[in-house]
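Take a look at the structure below.
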2 protein chains.
Amino acid sequence: MTETPLRTFMALALEMAKQDKNEVPVGALMVQGGTMIALRHNEVMQRQDPTAHAEMLVIRDALRILGQMYLTDCTLYVTLEPCPLCAAACAAVRLKHVVFGAYDPKSGGLIHGPRVLDHTHHKPLITGGVMETESQTLLTQFFAGQR
Amino acid sequence: MTETPLRTFMALALEMAKQDKNEVPVGALMVQGGTMIALRHNEVMQRQDPTAHAEMLVIRDALRILGQMYLTDCTLYVTLEPCPLCAAACAAVRLKHVVFGAYDPKSGGLIHGPRVLDHTHHKPLITGGVMETESQTLLTQFFAGQR
């Protein structure tokens, strides 16, 4: 895969991340065969549910839309490295590929912290750092505004 | 807390685990102030969603029923050690206490595998092995029947 489609989809995820000013700005989308099938931002505040991360929502959307139990031919794009919850969900639904933007040394669970995929049977491909600066800047601005 | 209420609630979770013969028999319930507020079994096959574990469902039920963002005064009972996904969810909603039945050295994420809580800010109390034999026997019988 060339760099271009990765950036194209990540740019869409970034736009989605900006849609709700009350939520930590993270956006995610699911792609199957070059086509976007689901797009979400965090809904933690809206739903009052700390597990309503963009990745969890887009994974459940994709399962329902495709009517299949596993997402073995799908790629998840997300603007921030998934946390342990979302990393475990990526393995559970057997994603082909996870592409993320900013690294999250503090709360990430994919390549930081518990490194959940070191312990799962299924291990999606991982590509990190796509539009990293843009994703990180968006998060930094959000948290600066909250102080 | 004495042993009695732990076994009483775990016995209910075990009964719930047996309700759907198509699902891996795991049951979970949420307790607040000595009162059960939600009760679920796995719904992975029913929903065709590998993330629809009993714990995830009972956590989302409890958030909705209580209308609060965190479950800091709640105890989760589950018949099997939570996997990494559910262990991370337990931390995310800030559960007070997680009580489980059988240990899961292969796929557990609470005290086995990635030990997710070693990396989270919030760390619920953990009590394992309550009605362990009954929980393990139920699982062993299910998987023996699938061969």
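The values are calculated or read from the model by the stated rules, or taken from the named source; none is laboratory data. Model, not experiment: these values are computed from the prediction. Please note: Cβ atoms are built from the backbone with ideal geometry, for glycine as well, and neighbour counts cover all protein chains shown. SASA here: full protein model, heavy atoms, side chains in, ligands and nucleic acids out. Shrake-Rupley method; radii C 1.70, N 1.55, O 1.52, S 1.80 Å.
Per-structure values
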read-out: Size-normalised alpha-carbon gyration radius of the protein assembly as shown, reference 2.2 N^0.38 Å; value: 0.99
read-out: Rounded Å value of the spacing that divides the Cα centres of segment A:1-52 and segment B:95-118; value: 30 Å
read-out: From phi via Karplus (6.51, -1.76, 1.60), per-residue ³J(HN,Hα) for segment A:72-86 in Hz, x at Gly/Pro; value: 5, 10, 10, 10, 9, 10, 8, 6, 10, 3, x, 6, x, 4, 6
read-out: Amide H contacts under 5 Å for A:Gly128, placed H, 5+ residues apart; value: A:Phe100
read-out: Shielding by partners - mean other protein chain Cβ count within 10 Å, residues of B:120-129; value: 1
read-out: Relative contact order computed over segment B:1-78 (Cα-Cα under 8 Å; 6+ residues apart), in percent; value: 30 percent
read-out: Solvent-accessible area of A:Tyr103 with every protein chain in place, 1.4 Å probe, in Å² to the nearest 10; value: 80 Å²
read-out: Accessible area (Å², per residue) of segment B:1-113, counting only protein heavy atoms and a probe of 1.4 Å; value: 38 Å²
read-out: Inter-copy separations for B:Lys96, label at 7 Å along Cα-Cβ, nm, ascending; value: 4.8
read-out: Once the Cα gyration tensor of segment A:51-103 is diagonalised, semi-axes √(5λ) in Å; value: 17, 11, 10
read-out: With all protein chains modelled, accessible area of B:Cys83 [1.4 Å, Å²]; value: 30 Å²
read-out: Chain A - Rg (one decimal) and Dmax (whole number), Cα, Å; value: 14.0, 43
read-out: A:Ala38 long-range amide H proximity, modeled H, under 5 Å; value: A:Met30
read-out: Under 26 Å, Cα to Cα: Lys pairs in the protein assembly as shown, sequence gap 8 or more or different chains; value: 14
read-out: Modelled FRET efficiency - R0 22 Å, A:Thr137 with A:Gln46, Cβ distances, 0.05 increments; value: 0.40
read-out: Values of log10 I(q)/I(0), in the order q = 0.18, 0.20, 0.26 Å⁻¹, for segment A:8-73 under a Debye, Cα-only, solvent-free model; value: -0.63, -0.76, -1.09
read-out: Per-residue ³J(HN,Hα) for segment B:113-127, Karplus 6.51 cos²θ - 1.76 cosθ + 1.60, θ = phi - 60°, Hz, x for Gly and Pro; value: x, x, 6, 3, 5, 5, 10, 9, 5, 8, 10, x, 4, 10, 10
read-out: Shielding by other protein chains, B:65-78, mean Cβ within 10 Å; value: 1
read-out: Globularity ratio of segment A:80-147, using Cα Rg and 2.2 N^0.38 Å; value: 1.16
read-out: Accessible area buried between chains A and B, both sides summed, probe 1.4 Å, in Å² to nearest 100; value: 1900 Å²
read-out: Identity and axial distance of the chain A residue whose Cβ lies nearest the axis relating A to B, Å; value: A:Pro114, 2
read-out: Chain A: relative contact order in percent, alpha carbon pairs under 8 Å with at least 6 residues between; value: 21 percent
read-out: From phi via Karplus (6.51, -1.76, 1.60), per-residue ³J(HN,Hα) for segment B:21-27 in Hz, x at Gly/Pro; value: 5, 8, 9, 3, x, 10, x
read-out: Other protein chain Cβ atoms within 10 Å, averaged over every residue that makes up B:110-119; value: 5
read-out: Which of B:Thr79, A:Thr137 is most accessible, then next, and so on - probe 1.4 Å; value: A:Thr137, B:Thr79
read-out: Rounded percent of accessible protein surface that carbon and sulfur make up, the protein assembly as shown, 1.4 Å probe; value: 52 percent
read-out: Inter-copy label distances at A:Gln146 (7 Å, Cα→Cβ; nm, one decimal); value: 3.9
